[in-house]
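Everything on this sheet refers to the single structure shown next.
The values are calculated or read from the model by the stated rules, or taken from the named source; none is laboratory data. This structure is a prediction, so every number in the text was calculated from the model and none was measured. Counting neighbours? That spans all protein chains shown, and the Cβs are built from the backbone with ideal geometry, glycine included.
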Amino acid sequence: MLEESAIVVKIEHGQVWVVGTQNNACASCAQKTACSSTALASVLKKKPVPVDADIVLQIGDTVIVALDESVLLRAAFLMYLLPVCALFIGASVANSLVSDNTAYGDLWIAGSALISLALALLLLQRIQKLSLLNYYPRPVVVKKC
């Protein structure tokens, strides 16, 4: 799980909102690009984020917030890898159907690749509208510091 420290900024209707804090060690670390904690920290530092908490908290409390890594991996797969795979599959199918002496064969291949990319993006949009991608595990408060 990805963990990050945060400060409770708002509690409203049983919902806890947190904003990430900056660790001094992370600010000077040379491994920012390879560190997985910067992924969660970049989201938490931008704006208050709602989190689930099973413990009693007050505004100003410092807490540890965690998010399951598989959520980020699934989102990255769907949003990045699926359209690229569709692009290559569309180009490969067109390449196998177009003969070598076909006029403008390269344009047919490129057009097929772009059409398959567009179809993949439309499919992702449709999936998101059907709320299949809107369900995601929210960050949770692991402990109070």
Single residue of ALA94, ALA53 found to be closer than 20 Å to LYS143 by Cβ, over 17 Å from the mean Cα position of the chain (by Cα) and either modelled with pLDDT of 85 or more or aliphatic (A, V, I, L, M) (or both):
ALA53
Out of the stretch 103-120, which residues are surrounded by 14 or more Cβ atoms within 10 Å (Cβ to Cβ), at pLDDT 90 or above and not aromatic (Phe, Trp, Tyr)?
ILE109, ALA110, GLY111, SER112, ALA113, ILE115, SER116, LEU117, ALA118, ALA120
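For the stretch 102-114, check the following and say yes or no: at least one residue is in contact (Cβ under 8 Å) with a residue 24 or more places away in the chain, in contact with a Gly (Cβ under 8 Å, 6 or more places away or on another chain), part of a helix (DSSP H, G or I) and farther than 23 Å from PRO48 by Cα.
Our first condition is that a residue be in contact (Cβ under 8 Å) with a residue 24 or more places away in the chain; within the stretch 102-114, this holds for 113-114.
Imposing the further condition that a residue be in contact with a Gly (Cβ under 8 Å, 6 or more places away or on another chain) reduces the set to 113-114.
Cutting the leftovers down to part of a helix (DSSP H, G or I) gives us 113-114.
From the residues that got through so far, the ones that are farther than 23 Å from PRO48 by Cα too are 113-114.
Yes: the stretch 102-114 contains one or more residues that are in contact (Cβ under 8 Å) with a residue 24 or more places away in the chain, in contact with a Gly (Cβ under 8 Å, 6 or more places away or on another chain), part of a helix (DSSP H, G or I) and farther than 23 Å from PRO48 by Cα.
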Can you tell me which condition ARG74 does not meet? The list is (1) at pLDDT 85 or above; (2) in a helix (DSSP H, G or I); (3) charged (D, E, K, R), and all the others hold.
(1)
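Can you tell me which residue within the stretch 60-102, out of those that are farther than 27 Å from ILE127 by Cα and in contact with an Asp or Glu (Cβ under 9 Å, 6 or more places away or on another chain), is surrounded by the fewest Cβ atoms within 10 Å (Cβ to Cβ)?
ILE64
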